[in-house]
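Single-structure report; data block below.
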Amino acid sequence: MSQASRIESLRPLPSSRSMNEEEVARYESEFKQYATKWAEILDRNADRMKRGSYSLHWMNTDKAAWGKRAKPSSRGLTYTDVNHVPGYGVLPEKATWLNFAPRGSVRDEYAAEMPIVDDYTLVNRDESWADNVVTLYEEAKARQWNATRDIPWSELERLPDDLEKATCQLCTFLTEVEFVAGDFPAKWLYRIPQDFLEVKSFLVTQLMDEARHQEVFRKRAIAGGGLLHASPGFEWALKAIIDAPTHTMGTFLLNLLGEGLVLSIFRSGEMIAKTHVDKEIFRRCLQDEARHVSYGELELKNYLDHAPNREAAVEEMHRFADVGEQVILTSFTEAALVEPVAILLGGGLDKIDRGMEGQGRLWKMSVEEYLQRCDRAGFDRRGRCTIPIESPWGQN
Amino acid sequence: METQAEPEQAERAVAFPSSEWFERLAQLMKVNRALHEHLGYIDCVAQFTVLDGGLGGKPWSVQVTFEEFEATDVREAGPDDVARADFTLEASLATWREMIEVIARGRGRPDLTHTLNYLSHPGTPIRVWSQDPLRKDLFFRYNQSLQEFINASAAFRTFFEG
């Protein structure tokens, strides 16, 4: 039997359904439904090309902000520099361009043929804007660092077993919690229209920061002994953040409260670090975290300042915070966090009680900082805060 | 990270506290520009207060303005100037002295218990404060740059009067 006839005699393989059959069918159906729109554009373009004709309509600058050139400042060409050019820097209160057409481009005359991106639901500027977001974006880019290269890993010293385990457990906690600050903005990032590009850009830097934090703590733990225990209390706090009903509520819980407390942990981490490697890690991370906290403060302030009914908006935030604070508190009372920090603060397992006393003082300071940040945002939690000012273990 | 100084200036001792001491750090920030560019922009006004560093043991303060990668202005500050500063770091002369001497011994790297954050996190012996929490957070946002700014003091000799 020849090779060809052998192949012809083979029975066909059993037909199998695509693994994504329903999704692909839905996609086909959707784009066939819109075929009169995009297929017309395709036909028009094909026809023009066949005729050997050029359009060159894009060279028409009548409706463009053409010729008003952006000038760089001393640190380069920033978004602020570009936004000073007439035609580019005005953000709408409500985004109506629910597609990718750039703010400041000639786009009105094409609107009828453009698709709508249904996922763009955060259309009100005051659901995501903060007055410091451009500054924070530029700062975030300028202050990026590399967890592979910028940490002096070769200087990592072996610690006594109790201190190494405490350090690795603290790093396990941070590895577990850090990327919620990536996943949460990611969940909202694609819902923010392109007209709010500065917010989207800043959130992307937050994603990068958190990827690096997750990376650096994972590396530190595994370089020092290994990852230790995950914790259910942490998980509930993370779920409370990721499931927050609105972007502003989640940003309050994540950036203002959660990252504010983690900023305190990073500061404690730098203080209690037993190696220069650990000090460098925590110092670098606390800088990033402070940027996220600053966004959270002014995002909440902007939201409340522009709420059509401020009183109702404040009350709704209080309702949310009443629950959110308690769930976050669950995480910050977990043994897998409190005890390793106490051991590091005290200087050893035999000095854990002394460490708990020190941690009690830091707790009080951290809660006061949280309340100050709420005050700054115009959100007075002092009479309603459900997190105790005194640490739970210091009240006995 | 070890800092560099111009050789002719390295041997001249500078008094602490004094504006000259901080101006010397500002000059070194230019010398160490590559390091600061690597760390990123720093844009703030930091006030350093020596609680017993003035005449008759009264407070003495200096404000350092940071822009991009440089300290562009150093000026003594009085009580009326405090609002100009984003945040203030205040401590006794003994605390500042101990920190500076440890950094000098470490050739520009403090030991584990003499970093700005270590000394300030519990609120003592260095207190970091501001009337605005948002402006206080600049101390955290630029912490590594501020640490390197101070670490550069190892590049020259400091003497302490009194």
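The values are calculated or read from the model by the stated rules, or taken from the named source; none is laboratory data. As the structure is a computational prediction, the values presented were derived from the model and not from experiment. Methodologically, a virtual Cβ is constructed for each residue, glycine included, from the backbone with ideal geometry; neighbour enumeration extends over all protein chains shown.
Hey, among the residues in segment B:8-25 that are assigned to a helix (DSSP H, G or I) and touching a helix residue (DSSP H, G or I) at 6+ places or on another chain (Cβ under 8 Å), which one's surrounded by the fewest Cβ atoms within 10 Å (Cβ to Cβ)? Walk me through it before giving the result.
Within segment B:8-25, the first condition is being assigned to a helix (DSSP H, G or I), and the residues that meet it are B:8-10, B:19-25.
After this cut, where a residue has to be touching a helix residue (DSSP H, G or I) at 6+ places or on another chain (Cβ under 8 Å) as well, the list is B:9-10, B:21, B:24-25.
Working: B:Gln9: 14, B:Ala10: 11, B:Trp21: 19, B:Arg24: 22, B:Leu25: 23.
Among them, the one singled out is B:Ala10.
Being at pLDDT 95 or above and within 14 Å of another protein chain (Cβ to nearest Cβ) narrows it down to one of A:Lys301, A:Lys239, so name that one.
On the way: A:Lys239 fails: within 14 Å of another protein chain (Cβ to nearest Cβ).
On inspection, the qualifying residue turns out to be A:Lys301.
Do the conditions hold for A:Ala230, that is, is it at the interface with another protein chain (Cβ under 9 Å from one of its Cβ atoms) and either farther than 30 Å from B:Arg109 by Cβ or under 15 Å from the mean Cα position of the chain (by Cα) (or both)? Talk me through it step by step, then tell me what you get.
Values: at the interface with another protein chain (Cβ under 9 Å from one of its Cβ atoms): no; either farther than 30 Å from B:Arg109 by Cβ or under 15 Å from the mean Cα position of the chain (by Cα) (or both): yes.
When the stated conditions are applied, A:Ala230 does not pass them.
If B:Ile42 passes every condition in (1) surrounded by 21 or more Cβ atoms within 10 Å (Cβ to Cβ); (2) more than 14 Å from chain A (Cβ to nearest Cβ) but one, which one does it miss?
If we test B:Ile42 against (1) surrounded by 21 or more Cβ atoms within 10 Å (Cβ to Cβ); (2) more than 14 Å from chain A (Cβ to nearest Cβ), just (2) comes out false.
Could you say whether any residue in segment A:154-177 is of a type in the set (S, T, N, Q) and under 21 Å from A:Tyr120 (Cβ atoms)? Spell out the reasoning first.
Let us first name the residues in segment A:154-177 that are of a type in the set (S, T, N, Q), namely A:154, A:167, A:169, A:172, A:175.
Filter once more, keeping what is under 21 Å from A:Tyr120 (Cβ atoms): none.
Within segment A:154-177, none of the residues are of a type in the set (S, T, N, Q) and under 21 Å from A:Tyr120 (Cβ atoms).
Being buried (at least 17 other Cβ atoms within 10 Å of the Cβ), of a type outside the set (S, T, N, Q) and either more than 30 Å from A:Leu257 (Cβ to Cβ) or more than 12 Å from every other protein chain (Cβ to nearest Cβ) (or both): is that true of B:Leu116 here? Steps first, please.
Numbers: buried (at least 17 other Cβ atoms within 10 Å of the Cβ): yes; of a type outside the set (S, T, N, Q): yes; either more than 30 Å from A:Leu257 (Cβ to Cβ) or more than 12 Å from every other protein chain (Cβ to nearest Cβ) (or both): no.
Taking the combined requirement at face value, the residue does not satisfy it.
Being modelled with pLDDT of 95 or more, in contact with a Gly (Cβ under 8 Å, 6 or more places away or on another chain) and aromatic (Phe, Trp, Tyr) narrows it down to one of A:Phe196, A:Phe184, so name that one.
Values: A:Phe196 fails: in contact with a Gly (Cβ under 8 Å, 6 or more places away or on another chain).
Matching residue, one of A:Phe196, A:Phe184: A:Phe184.
Could you please give the count of residues in segment B:120-150 that are more than 9 Å from chain A (Cβ to nearest Cβ) and either within 17 Å of B:Phe87 (Cβ to Cβ) or in contact with a Ser or Thr (Cβ under 6 Å, 6 or more places away or on another chain) (or both)?
Within segment B:120-150, the subset more than 9 Å from chain A (Cβ to nearest Cβ) is B:124-131, B:135, B:146, B:148-150.
This time we only want the ones that are either within 17 Å of B:Phe87 (Cβ to Cβ) or in contact with a Ser or Thr (Cβ under 6 Å, 6 or more places away or on another chain) (or both), so: B:124-131, B:135, B:146, B:149-150.
Residues in segment B:120-150 being more than 9 Å from chain A (Cβ to nearest Cβ) and either within 17 Å of B:Phe87 (Cβ to Cβ) or in contact with a Ser or Thr (Cβ under 6 Å, 6 or more places away or on another chain) (or both): 12 in total.
Mind checking which helices (runs of 4 or more DSSP H) fall wholly inside segment A:261-371 and carry at least 2 residues that are of a type in the set (D, E, K, R)?
Working: elements: A:276-305, A:310-332, A:335-346.
Where helices (runs of 4 or more DSSP H) fall fully within segment A:261-371 and carry at least 2 residues being of a type in the set (D, E, K, R), they are A:276-305, A:310-332.
Hey, A:Met249 hits all of (1) buried (at least 23 other Cβ atoms within 10 Å of the Cβ); (2) more than 10 Å from every other protein chain (Cβ to nearest Cβ) but one; which does it fall short on?
Tallying (1) buried (at least 23 other Cβ atoms within 10 Å of the Cβ); (2) more than 10 Å from every other protein chain (Cβ to nearest Cβ), A:Met249 fails exactly one: (1).
Kindly indicate which of A:Asn146, A:Asn124, A:Asn99 is within 14 Å of chain B (Cβ to nearest Cβ) and either farther than 30 Å from B:Glu68 by Cβ or of a type in the set (S, T, N, Q) (or both).
Details: A:Asn124 fails: within 14 Å of chain B (Cβ to nearest Cβ); A:Asn99 fails: within 14 Å of chain B (Cβ to nearest Cβ).
When all the criteria are applied, what remains is A:Asn146.
Matching residues to (1) of a type outside the set (Asp, Glu); (2) surrounded by fewer than 24 Cβ atoms within 10 Å (Cβ to Cβ):
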residue: A:Pro185; (1), (2): yes, no
residue: A:Arg218; (1), (2): yes, yes
residue: A:Ala223; (1), (2): yes, yes
residue: A:Ala230; (1), (2): yes, yes
residue: A:Glu235; (1), (2): no, yes
residue: A:Ala244; (1), (2): yes, yes
residue: A:Glu259; (1), (2): no, no
residue: A:Met271; (1), (2): yes, yes
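Condition test on A:Lys37, is it surrounded by 11 or more Cβ atoms within 10 Å (Cβ to Cβ), out of contact with any His (no Cβ under 6 Å at 6 or more places or on another chain) and either without any contact (Cβ under 8 Å) to a residue 60 or more places away in the chain or within 22 Å of A:Ala101 (Cα to Cα) (or both)?
Working: surrounded by 11 or more Cβ atoms within 10 Å (Cβ to Cβ): yes; out of contact with any His (no Cβ under 6 Å at 6 or more places or on another chain): yes; either without any contact (Cβ under 8 Å) to a residue 60 or more places away in the chain or within 22 Å of A:Ala101 (Cα to Cα) (or both): yes.
Here the answer is yes, as A:Lys37 does meet what is asked.
Among (1) away from chain B (no Cβ under 14 Å); (2) touching an Asp or Glu at 6+ places or on another chain (Cβ under 7 Å); (3) more than 25 Å from A:Leu238 (Cβ to Cβ), where does A:Arg310 come up short?
(2) is the only condition that A:Arg310 fails.
Scan segment A:92-107 residue by residue and report those that are out of contact with any Gly (no Cβ under 7 Å at 6 or more places or on another chain) and surrounded by 14 or more Cβ atoms within 10 Å (Cβ to Cβ).
First, the residues of segment A:92-107 that are out of contact with any Gly (no Cβ under 7 Å at 6 or more places or on another chain): A:92-103, A:105-107.
Answer for segment A:92-107, where residues must be out of contact with any Gly (no Cβ under 7 Å at 6 or more places or on another chain) and surrounded by 14 or more Cβ atoms within 10 Å (Cβ to Cβ): A:Pro92, A:Ala95, A:Trp97, A:Leu98, A:Asn99, A:Ala101, A:Arg103, A:Ser105, A:Val106, A:Arg107.
Among the residues of segment A:378-395, is any touching a residue at least 60 places away in the same chain (Cβ under 8 Å) and among the basic types (Lys, Arg)?
The answer is yes; a qualifying residue exists.
Please enumerate the residues belonging to segment B:66-83 that are in contact with a helix residue (DSSP H, G or I) (Cβ under 9 Å, 6 or more places away or on another chain) and either within 22 Å of B:Met99 (Cβ to Cβ) or not β-branched (Val, Ile, Thr) (or both).
Answer for segment B:66-83, where residues must be in contact with a helix residue (DSSP H, G or I) (Cβ under 9 Å, 6 or more places away or on another chain) and either within 22 Å of B:Met99 (Cβ to Cβ) or not β-branched (Val, Ile, Thr) (or both): B:Phe66, B:Glu68, B:Phe69, B:Glu70, B:Ala71, B:Asp73, B:Val74, B:Arg75, B:Glu76, B:Ala77.
May I ask you to verify whether A:Gly258 is at negative phi, modelled with pLDDT under 95, more than 13 Å from every other protein chain (Cβ to nearest Cβ) and assigned to a helix (DSSP H, G or I)?
On the way: at negative phi: yes; modelled with pLDDT under 95: no; more than 13 Å from every other protein chain (Cβ to nearest Cβ): yes; assigned to a helix (DSSP H, G or I): yes.
When the stated conditions are applied, A:Gly258 does not pass them.
Looking at segment A:261-298, which of its residues are within 10 Å of chain B (Cβ to nearest Cβ), within 23 Å of A:Leu371 (Cβ to Cβ) and among the hydrophobic types (A, V, I, L, M, F, W, C)?
Passing the criteria: A:Leu263, A:Phe266, A:Met271, A:Leu286, A:Ala290, A:Val293, A:Leu298.
Does segment B:26-35 include one or more residues that are within 27 Å of B:Asp132 (Cβ to Cβ), away from chain A (no Cβ under 14 Å) and surrounded by 15 or more Cβ atoms within 10 Å (Cβ to Cβ)?
So the first thing to find is which residues in segment B:26-35 are within 27 Å of B:Asp132 (Cβ to Cβ), and the list is B:26, B:29.
Those left that are additionally away from chain A (no Cβ under 14 Å): B:26, B:29.
Then keep just the ones that are surrounded by 15 or more Cβ atoms within 10 Å (Cβ to Cβ); that gives B:26, B:29.
Among the residues of segment B:26-35, at least one is within 27 Å of B:Asp132 (Cβ to Cβ), away from chain A (no Cβ under 14 Å) and surrounded by 15 or more Cβ atoms within 10 Å (Cβ to Cβ), which makes the answer yes.
Quick one: which residue in B:Gly123, B:Gly106, B:Gly78 is surrounded by fewer than 16 Cβ atoms within 10 Å (Cβ to Cβ) and touching a strand residue (DSSP E or B) at 6+ places or on another chain (Cβ under 8 Å)?
Details: B:Gly123 fails: touching a strand residue (DSSP E or B) at 6+ places or on another chain (Cβ under 8 Å); B:Gly106 fails: touching a strand residue (DSSP E or B) at 6+ places or on another chain (Cβ under 8 Å).
The match here is B:Gly78.
Return only the number of the condition from (1) surrounded by fewer than 19 Cβ atoms within 10 Å (Cβ to Cβ); (2) part of a helix (DSSP H, G or I); (3) out of contact with any Phe, Trp or Tyr (no Cβ under 6 Å at 6 or more places or on another chain) that B:Asp52 does not satisfy.
(2)
For A:Glu176, state whether it is over 28 Å from B:Ser145 (Cβ atoms) and under 19 Å from the mean Cα position of the chain (by Cα). Break it down into steps so the answer makes sense when it comes.
Working: over 28 Å from B:Ser145 (Cβ atoms): yes; under 19 Å from the mean Cα position of the chain (by Cα): yes.
Spelling it out, A:Glu176 is indeed over 28 Å from B:Ser145 (Cβ atoms) and under 19 Å from the mean Cα position of the chain (by Cα).
Can you name the residue in segment A:359-370 that is surrounded by fewer than 18 Cβ atoms within 10 Å (Cβ to Cβ) and more than 9 Å from chain B (Cβ to nearest Cβ) and is also nearest to the chain's Cα centre (by Cα) among such residues?
Top of the filtered list is A:Glu368.
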